[in-house]
Amino acid sequence: MRVGLVIYGSLDTVSGGYIYDRMLVEHLRRQGEQVEIISLPWRNYGRHLVDNSSPTLYHRLRQVSLDVLLQDELNHPSLFCLNRRLQAQVGYPIVAIVHHLRCSEARPAWQNRLYRWVERRYLSTVDGFIFNSQTTKAAVKGVLGMERPATVAYPGGDRLCLDLTPAQIASRARSSGPLRILFIGNLIPRKGLHILLDGLSRLPRDSWRLDVVGSLEVDLAYVRAIRRQIKETGVTNQVSLSGSLPDAELVTRLARSHLLCVPSSYEGFGIVYLEGMGAGLPAIASSAGAAREIVTHGLDGFLVPSGDTSALTHHIRTLIEDRERLVQMSLAAQQRYVDHPTWAESAERVRQFLTGISS
């Protein structure tokens with residue numbers, strides 16, 4: 001099977017969506033499929049819209065010999081008109097990989113009306129969908145108003161080499177000292193680090209430590225605001241901004257932490273929650289989006305309403321004060337990870353779907 005994949009930039013970009021695409025491509029190639037990456041340059045949303053009139057992109061997609069063309073839905077502004085021109089010219093089906101819709105994110109209503117209009121136009125041009133969650137599937141149906149051939153293939157959590165035993169996890173939870181909290185995500189407003197810092201500032205300084213892992217380069221204005229917030233709330237000694245880390249170091253941070261806390265305003269899935277559970281870390285996540293498909297409230301983590309600082313503080317305080325509760329939730333988190341499909345299982349589900357739709 002000859003597969004094309006349209007993405008922005010490099011497949012090595014560090015984010016959940018790119019990890020998904022990368023793991024899928026690796027599996028397809030291991031199974032003997034041919035995969036061609038069609039990379040479009042990163043620009044702002046407005047300039048991406050201009051790609052629809054690019055003769056170079058049009059001719060490249062028209063002339064490439066494929067059995068199926070995958071498009072990461074992130075690329076929708078570059079393709080929502082161009083796809084319509086392609087449909088009458090090519091013999092291959094177009095399948096969108098949808099991680100989450102841009103119009104599902106928290107922002108002013110007028111902006112989301114614009115994004116929803118563009119995304120609806122794009123979604124109507126494809127022949128099938130690969131969804132990372134049931135939540136994303138429902139969101140697309142709500143925008144498009146109909147269903148098309150699709151499969152839901154959850155991201156795996158087994159990308160990292162996590163091999164802690166239940167005994168090690170229980171011992172770590174019972175260890176004395178401050179609760180070691182881990183935040184993993186690029187520093188952008190949607191990930192909610194400012195909400196987490198606000199919540200932690202209400203707790204005794206000696207009861208917690210926060211390690212922040214994620215790129216400091218994506219949104220420089222937001223990073224400046226975060227540094228200012230850390231200084232103004234007096235938690236400089238409790239917070240470490242580690243930046244992006246290689247996987248081996250990320251495994252080390254996961255292994256020595258007690259709790260993963262990423263209170264995003266919206267997640268189409270949230271691979272980071274699952275990877276944290278692989279290290280026995282309960283997850284605190286927002287109830288908005290698909291985190292509820294991973295986290296069972298009160299069992300292996302907590303779900304908080306988006307932006308609810310008081311609820312966030314309450315749940316962290318619970319685990320600071322009750323280490324036996326932390327033990328129970330940590331072991332439940334690891335079991336949740338064990339029960340989840342692997343990357344190989346999910347990617348094979350996608351491969352079978354593509355085989356069917358291409359024939």
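Read-outs: derived from the displayed coordinates by stated rules, not from any lab. Remember, predicted model here, so these are calculated numbers, not experimental data. Here the Cβ positions follow ideal geometry from the backbone for every residue, glycine too, while neighbour counts run over all protein chains shown.
Here's the picture: charge each Lys and Arg Cβ at +1 and each Asp and Glu Cβ at -1 in the stretch 166-339, and of Leu187, Leu200, Leu274 the one pushed furthest to the positive end of that dipole is Leu200. Backbone amide hydrogens, once placed in the peptide plane, bring Asp72 within less than 5 Å of Val6, Ile97, excluding anything fewer than 5 places away on its chain.
Taken along the Cα-to-beta-carbon direction at a fixed 7 Å, the label points for Asp12 and Trp117 span 4.0 nm.
Taking 35 Å as R0, compute the FRET efficiency from the Cβ-Cβ separation of Arg84 and Ser242 and round it to 0.05.
On the way: r = 45 Å, r/R0 = 1.28.
Computed FRET efficiency for Arg84 and Ser242 comes out at 0.20.
Using just its DSSP H runs of length 4 or more, each adding -39500 (n - 2.57), the chain gives a mean residue ellipticity at 222 nm of -13500 deg cm²/dmol after division by all residues.
Within the stretch 185-241, list the trypsin sites (Lys or Arg not before Pro) lying in a DSSP loop whose Cβ has at most 15 other Cβ atoms in a 10 Å radius. Could you put the intermediate results ahead of the total?
On the way: sites: Arg190, Lys191, Arg202, Arg205, Arg209, Arg224, Arg227, Arg228, Lys231; in loops: Arg202.
In loop regions of the stretch 185-241 (DSSP not H, G, I, E or B), the sparsely surrounded trypsin sites (Lys or Arg not before Pro) are Arg202.
Going by neighbour counts of Cβ atoms within 10 Å, the residues Cys161, Cys81, Cys103, Cys261 line up, fewest first, as Cys161, Cys81, Cys103, Cys261.
Once the mean of 1/r is taken over each pair of separate Cα atoms and inverted, the stretch 166-339 shows a Kirkwood hydrodynamic radius of 15.7 Å. Sparse packing (at most 13 other Cβ atoms within 10 Å of the Cβ) combined with a DSSP loop state is found for the following chymotrypsin sites (Phe, Trp or Tyr not before Pro) in the stretch 1-91: Trp42. Of the residues Phe131, Ile97, Gln111, the one whose Cα sits farthest towards the positive end of the charge dipole of the stretch 59-152 is Gln111 (charges of +1 on Lys and Arg Cβ, -1 on Asp and Glu Cβ, taken about the Cα centre).
Here the extension length gained between Glu324 and His297 equals 8.0 nm, from 0.36 nm per residue of separation less the Cα-Cα distance. Counting every C-alpha pair in the chain, the share spaced more than 37 angstrom apart comes to 22%.
Contact order, relative form, for the chain: 17 percent (alpha carbon pairs under 8 Å, 6 or more residues apart, mean separation divided by residue count). Full extension of the chain between Ile188 and Ser39 yields a length gain of 51.3 nm, computed as 0.36 nm times the residue separation minus the alpha carbon distance. On the basis of the beta-carbon distance and an R0 of 30 Å, Thr342 and Val64 show a calculated FRET efficiency of 0.45.
Over the chain, with a Gaussian network built from C-alpha contacts below 10 Å, which listed residue (Leu182, Leu281, Leu216) shows the highest mean-square fluctuation? Maximum among the listed residues: Leu216.
For the stretch 6-37, which GluC sites (Glu not before Pro) are in a loop by DSSP, counting at most 14 other Cβ atoms within 10 Å? Spell out each step's value before the answer.
On the way: sites: Glu26, Glu33, Glu36; in loops: Glu33.
The qualifying sites: there are none.
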